[in-house]
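Each reported figure results from applying straightforward, stated rules to the coordinates on display, with no laboratory input. Bear in mind the structure is a predicted one, so any value in this text is a computation, not a measurement. No Cβ is skipped: glycine too gets one built from the backbone with ideal geometry, and neighbour counts run over all protein chains shown.
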Amino acid sequence: METRQIGTLHVSLVGLGCNNFGWRLDSAQTSEVVHAALDAGINFFDTADIYGRTHSEELLGRALGRRRSEVVIATKFGMAVDEKRRGARPEYVVQAAEDSLRRLGTDRVDLYQIHQPDATVPIAETLEALDKLVKAGKVREIGCSNFSADQLREAESAVHPGAARFVSVQNEYSLLDREAEGEVIPECEKLGLAFIPYFPLASGLLTGKYRKGAPPPPGTRLAPGGRFEDTLTEKNLDLVEALIQFSESKGHTLLELAISWLAARPTVVSVIAGATTSQQVKMNAAAAGWRLSKADLTEVDKILR
């Protein structure tokens with residue numbers, strides 16, 4: 001699989017989001033998905049301390065085992081694990097990193113990301129703590145998530161000469177959510193930051209299993225009572241039908257369009273997609289193979305407008 005760079009890290013164009021581990025998947029199922037990803041050429045695994053109530057990191061580390069050296073592990077801190085473990089205070093940054101290293105069963109995190117901005121802590125203080133982790137060899141690169149363009153600029157201006165700086169930002173971005181194109185992606189281009197889109201499949205809406213006039217599959221995220229049922233709007237379903245029609249006219253699937261369209265963006269380094277089965281992993285990994293032409297991209301833009 002094609003690889004791209006996040007700072008000094010070389011990551012697969014399709015990554016595996018590990019938010020299902022420890023929640024929807026147990027240890028055996030996690031291991032099956034992880035090894036399917038490795039077999040498919042995926043080397044980038046993105047997790048967080050809060051995923052699976054801290055169990056995602058544990059299950060990922062256990063599943064990788066001796067193959068740890070073959071992969072790039074990204075994890076995050078900052079969202080509330082509990083009332084005491086939250087935020088971006090310097091002393092907590094160090095504690096959170098040590099906790100993640102222990103759960104992952106590794107001596108380093110390849111990409112350590114602040115999960116969301118913390119307005120109560122000056123970003124310079126957080127960056128200083130992260131720099132110490134980098135200099136100690138416990139973290140290789142640092143990044144952020146859910147940051148605005150203004151917050152990216154503020155972080156860049158707060159970096160001391162020779163200190164670690166953010167090399168990536170992970171924000172929501174998909175065919176159905178293009179807000180990042182307004183300010184964040186142009187700022188990434190200006191600062192030389194890698195962009196990692198999350199929810200690239202719009203919580204499953206861009207997989208092709210949700211169709212207009214048909215009830216959502218039971219037990220899925222977009223089913224009634226599901227976590228993301230509000231995504232299933234008439235407008236979105238109309239767009240999905242139009243995008244399916246376009247994809248099929250080119251001999252491809254909606255899933256291939258969703259992932260390959262993101263891969264065609266110059267700032268995007270890896271499309272992080274979650275999976276609950278080995279088959280889903282294989283399909284996601286294969287979906288990045290469509291090289292969309294300029295004419296294709298123009299036609300997609302017209303559909304989305």
Summing -39500 (n - 2.57) over the DSSP H runs of n ≥ 4 in the chain and dividing by its residue number, what mean residue ellipticity at 222 nm do you reach, to the nearest 500 deg cm²/dmol?
-11500 deg cm²/dmol
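Between V81 and K302, what length in nm is gained on full extension when 0.36 nm per residue of separation is reduced by their alpha carbon distance? List each step's numbers first, then the result.
Details: separation 221, 0.36 × 221 = 79.56 nm, distance 4.23 nm.
Result: 75.3 nm gained on full extension.
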I want to check the label-to-label distance for E248 and D230. Put each point 7 Å from Cα in the C-beta direction and report it in nm to one decimal.
3.2
Amide H of N171: which non-local residues (sequence gap of 5 or more, or other chain) have their own amide H closer than 5 Å, using H built in the peptide plane?
N146, I196, Y198
Distance in nm between pseudo-label sites at S293 and T3 (7 Å out along the Cβ direction from Cα):
3.2
Kindly express, to the nearest 10 degrees and within the range 0 to 90, the angle between helix 55-64's C-alpha long axis and the longest C-alpha principal axis of the chain.
90
Relative to the first principal axis of the alpha-carbon coordinates of the chain, what is the inclination of helix 234-249, with its axis defined by its Cα atoms, in degrees from 0 to 90 and to the nearest 10?
70
Structure-derived Cα Rg over 2.2 N^0.38 Å: which label, when the choices are (1) 1.04; (2) 1.11; (3) 0.98
(3)
Normalise the Cα radius of gyration of the stretch 133-262 by 2.2 N^0.38 Å (N = residues in it) and let me know the number.
1.32
Label-point separation in nm, A163 to E241, each point 7 Å along Cα→Cβ:
5.4
